[in-house]
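Trainee: The structure follows.
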Amino acid sequence: MKRFLLSACAAALVFGAAPALAQVGTPALPRPLPAIPEPQDRAYPGTIGYHVDATDLDHRVIRVQQSIPVTVGDLTLLYPKFIPGNHAATGPIQLLAGLTVTANGQRIEWLRDTLDPYAFHLAIPAGVTQIEVAFEWLTQPDNAVWRVVMTPEMVNLQWEKALLYPAGYAHSRITFQPSIQLPAGWQYGVAMDTVSFEGGRATFAPISLEMLADSPMFAGAHYRRIDIDPGGRSPIHLNIVADSAANIAPTPAWIEAYGTLVDQADRLFGARHFDRYEFLLGLTSRMGGIGLEHHRSSENTAPPGFFTDGITRNFGSRTLLPHEYVHSWNGKFRRPSDQLTPNLNEPVQNTLLWVYEGQTEYWGDVLTGRSGLATKEEMLSNFAEIAAFYDNQPGRDWRALQDTTNHNLLGYRTSNPWPSHMRGTGDYYREAALIWLDADTLIREATDNRKSLDDFARAFFGVDDGVWSPKPYTFDDLVAALNGVHPHDWAGFLRTRLDAVGPEASAPLDGITRGGYRLVYVDSLTAAEKQVQTGWANDFQYSLGFSLGGPTNRIGGIVWGGLAYQAGLGAGWDLVAVNDRAASAEVLREAVTAAKSGTTPITLIIRNGDRFRTVSFDYRGGLRYPRLERIEGTPDRLGDVLTARRR
Ligand SMILES: [Zn+2]
């Protein structure tokens, strides 16, 4: 998903000898704790039996049973900490309860590590060759902290959040034999090989922990599976679960667009790195939203009416499947070497996330356009919104784009009342996409359109056709591949943009200009632009420097240093009145528009608890929404980027 020290030799990085944390100074424990064994590239003896019961929809509890072959002595079981695609220590250990371990009918008491709450130490007595592990995953009723994964109609099972595994082994060398009990009548989509499915119980072929953790399931009462690449070299299916059966109504136009997505990705990359691919799509307002990549599948959600609303609506959801699909090449097959960790508890590093996510964002948008899932006008509006956002981002003054990737280990869902100052944690998606547009148009210009970033994609991601073990890369590998397409100071090009910080630093907008467009601001948007800039009605970012939200007209997203900031507004204020009229976004839009040709200031009454204030803005700039305007007489390179490949 979204946000990451380099080593020329991934194997050295992965299996290097990091010192084990010594467990010292714990005299208050019932017994001394051993160190947690480092993962070694060796096979775990035997197969771990693994059964999940996902039928308790009333309590939203997922019950887990594991049969783990063991030998006498110390054993450490780990709960996955670094969830693939999260780029952070987000494993929800807080939701694991009821852990009991038995062998030969006798309890074996576990002891949690005092430094790492994801590790459980066991002392296996003589005569025991297998332990039975049972626990519950207490899934959540709302999306306040963790997302909802069980509803009356569907379950999104991410196996790695419902299992323990032995420390001391690479997760590619630990074999699980998974099975699941589903509610009666339910069906499922998953990129694993089903051995049997009877009475709601599905049993799968043995699979490595690495792949199991990368093969989530969407199951539901309302389900349909659609072949979107009939006769293709490897099967690709769209698996849909929905709150209601009526939601599962993709028209032929939708299915054709997804088929074109597959075709355009083939033409772009020139190789596939999977034996099958399963798009998992939940049409739901009840399950928590997700867009998460996997090597042979992806987890996606969209509004219930995604298909029935029509193909001109829900722009953001239309870009989701292309993004996650691109990750099969960028992120899963080509893997930053500092993310290719030996198990799910070794820390990842995120230094190349501006490739992993940034170039995926770029190709996802490009393929959305090339597949017909969005129009050229919509894609131009999308780039306008991104360009304007970063052109107005004050956080660049203290913090470079590169730093937003290093910060991500803290977790990708951190929020902050000053996102424009903090730079959020997502700039390595969208600002990095602008860098890749910059690189693409540079290559197109310098080679008179004979080459483009498409050639890089084919050279970098299109190698080793059919191979789907991860192929690590470093910054230097990336630069070498770019130089193979068009010789240039690519290291300097990238570092200049990634490390730009300080008062003189600016957003990477050269790709917009070289693409044949200039960023302008308009006071009204077209219907298509409103589908892209969905928050436009409440958005005063580029005028007064804030946005409105919620039933109380809460003033949020206050731009650091902007007009509202200068007027002393901070988090927590609600807009009560505008020029003596009851406040609404519409009333404020009217006032901003009227002030353009008037002489009186815009006066706002705002409230924070029992405090009221009046603030005035002597602002004459009117409403401002971003748009890309053609620079006549220049090549439409951005239009070329968005045009479907013919071969
Ligand atoms: Zn992503």
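The values are calculated or read from the model by the stated rules, or taken from the named source; none is laboratory data. All figures in this text were calculated on a predicted structure; none of them were measured in a lab. FYI the Cβ positions are ideal-geometry reconstructions off the backbone, even for glycines, and counts take in every protein chain you see. Areas reflect the complete protein model, heavy atoms only, side chains present, ligands, DNA and RNA absent. Shrake-Rupley method; radii C 1.70, N 1.55, O 1.52, S 1.80 Å.
Trainee: Among the residues of segment 571-587, write down those that are outside any loop (DSSP other than H, G, I, E, B) and open to solvent by 70 Å² or more (accessible area, probe 1.4 Å).
Mentor: Passing the criteria: 581, 582, 586.
Trainee: Could you check residue 477 against (1) open to solvent by less than 60 Å² (accessible area, probe 1.4 Å); (2) modelled with pLDDT of 95 or more and say which number it fails?
Mentor: (1)
Trainee: Identify the residue in segment 70-129 that is among the charged types (D, E, K, R) and touching a Leu at 6+ places or on another chain (Cβ under 7 Å) and, among all such residues, is farthest from residue 37 (Cα to Cα).
Mentor: Selected residue: 81.
Trainee: Answer yes or no: is there a residue in segment 327-350 that is open to solvent by 10 Å² or more (accessible area, probe 1.4 Å), within 14 Å of the ligand (Cβ to nearest atom), out of contact with any helix residue (DSSP H, G or I) (no Cβ under 6 Å at 6 or more places or on another chain) and within 23 Å of residue 491 (Cβ to Cβ).
Mentor: Looking through segment 327-350, at least one residue is open to solvent by 10 Å² or more (accessible area, probe 1.4 Å), within 14 Å of the ligand (Cβ to nearest atom), out of contact with any helix residue (DSSP H, G or I) (no Cβ under 6 Å at 6 or more places or on another chain) and within 23 Å of residue 491 (Cβ to Cβ).
Trainee: Give the residue, chosen from 53, 74, 41, that is within 21 Å of residue 104 (Cβ to Cβ) and of a type in the set (D, E, K, R).
Mentor: Values: 53 fails: within 21 Å of residue 104 (Cβ to Cβ); 41 fails: within 21 Å of residue 104 (Cβ to Cβ).
Unique residue meeting the criteria: 74.
Trainee: Would a scan of segment 384-393 turn up a residue that is within 18 Å of residue 293 (Cα to Cα), open to solvent by less than 10 Å² (accessible area, probe 1.4 Å) and within 16 Å of the ligand (Cβ to nearest atom)?
Mentor: No; the residues of segment 384-393 include none that is within 18 Å of residue 293 (Cα to Cα), open to solvent by less than 10 Å² (accessible area, probe 1.4 Å) and within 16 Å of the ligand (Cβ to nearest atom).
Trainee: What single numbered condition from (1) more than 14 Å from the ligand (Cβ to nearest atom); (2) surrounded by fewer than 23 Cβ atoms within 10 Å (Cβ to Cβ) fails to hold for residue 373?
Mentor: If we test residue 373 against (1) more than 14 Å from the ligand (Cβ to nearest atom); (2) surrounded by fewer than 23 Cβ atoms within 10 Å (Cβ to Cβ), just (2) comes out false.
Trainee: I would also like to ask the following. Looking at 368, 404, which is the one that is touching an Asp or Glu at 6+ places or on another chain (Cβ under 8 Å) and within 16 Å of the ligand (Cβ to nearest atom)? So that I can check it myself, show each step before the final result.
Mentor: Values: 368 fails: touching an Asp or Glu at 6+ places or on another chain (Cβ under 8 Å).
After ruling out the rest, the residue left standing is 404.
Trainee: Take the conditions touching a Gly at 6+ places or on another chain (Cβ under 6 Å), among the aliphatic types (A, V, I, L, M) and either within 20 Å of residue 436 (Cβ to Cβ) or open to solvent by less than 10 Å² (accessible area, probe 1.4 Å) (or both) and apply them to residue 353. Does it pass?
Mentor: In short, no.
Trainee: Which numbered condition in (1) assigned to a strand (DSSP E or B); (2) closer than 24 Å to residue 208 by Cβ is the only one that residue 123 fails?
Mentor: Only one criterion in (1) assigned to a strand (DSSP E or B); (2) closer than 24 Å to residue 208 by Cβ is unmet by residue 123, namely (2).
Trainee: Next question, about the same structure. Being crowded, with 20+ Cβ neighbours inside 10 Å, farther than 16 Å from residue 318 by Cβ and either in contact with an Asp or Glu (Cβ under 8 Å, 6 or more places away or on another chain) or aliphatic (A, V, I, L, M) (or both) is the filter here; which residues of segment 250-274 pass it?
Mentor: 268, 272, 273
Trainee: Let me ask something else about it. Would you confirm, using the coordinates I've provided, whether residue 548 is modelled with pLDDT of 95 or more, open to solvent by 30 Å² or more (accessible area, probe 1.4 Å) and within 27 Å of the chain's Cα centre (by Cα)?
Mentor: Spelling it out, it is not the case that residue 548 is modelled with pLDDT of 95 or more, open to solvent by 30 Å² or more (accessible area, probe 1.4 Å) and within 27 Å of the chain's Cα centre (by Cα).
Trainee: If only one of 399, 450 is away from the ligand (no atom under 16 Å from the Cβ), in a loop (DSSP other than H, G, I, E, B), open to solvent by less than 10 Å² (accessible area, probe 1.4 Å) and over 23 Å from residue 318 (Cα atoms), which one is it?
Mentor: Just one listed residue meets the conditions, 399.
Trainee: Right, another one. Would you point out which residue out of 587, 615, 559 is of a type in the set (A, V, I, L, M) and closer than 24 Å to residue 391 by Cα?
Mentor: Details: 587 fails: closer than 24 Å to residue 391 by Cα; 615 fails: closer than 24 Å to residue 391 by Cα.
After ruling out the rest, the residue left standing is 559.
Trainee: Continuing with this model, one more query. Would you check which residues across segment 588-647 are out of contact with any Leu (no Cβ under 6 Å at 6 or more places or on another chain), in a strand (DSSP E or B) and hydroxyl-bearing (Ser, Thr, Tyr) and list them?
Mentor: Listed by number, the residues that qualify are 603, 614, 616.
Trainee: Right, another one. Run residue 296 past the list (1) within 11 Å of the ligand (Cβ to nearest atom); (2) surrounded by fewer than 24 Cβ atoms within 10 Å (Cβ to Cβ) and report the number of the one that doesn't hold.
Mentor: (1)
Trainee: What is the one condition in (1) at pLDDT 95 or above; (2) touching a Leu at 6+ places or on another chain (Cβ under 8 Å) that residue 377 does not satisfy?
Mentor: The one condition residue 377 does not meet is (2).
Trainee: Right, something else. Between 280, 320, which is open to solvent by less than 20 Å² (accessible area, probe 1.4 Å) and in contact with a Gly (Cβ under 9 Å, 6 or more places away or on another chain)?
Mentor: The match here is 280.
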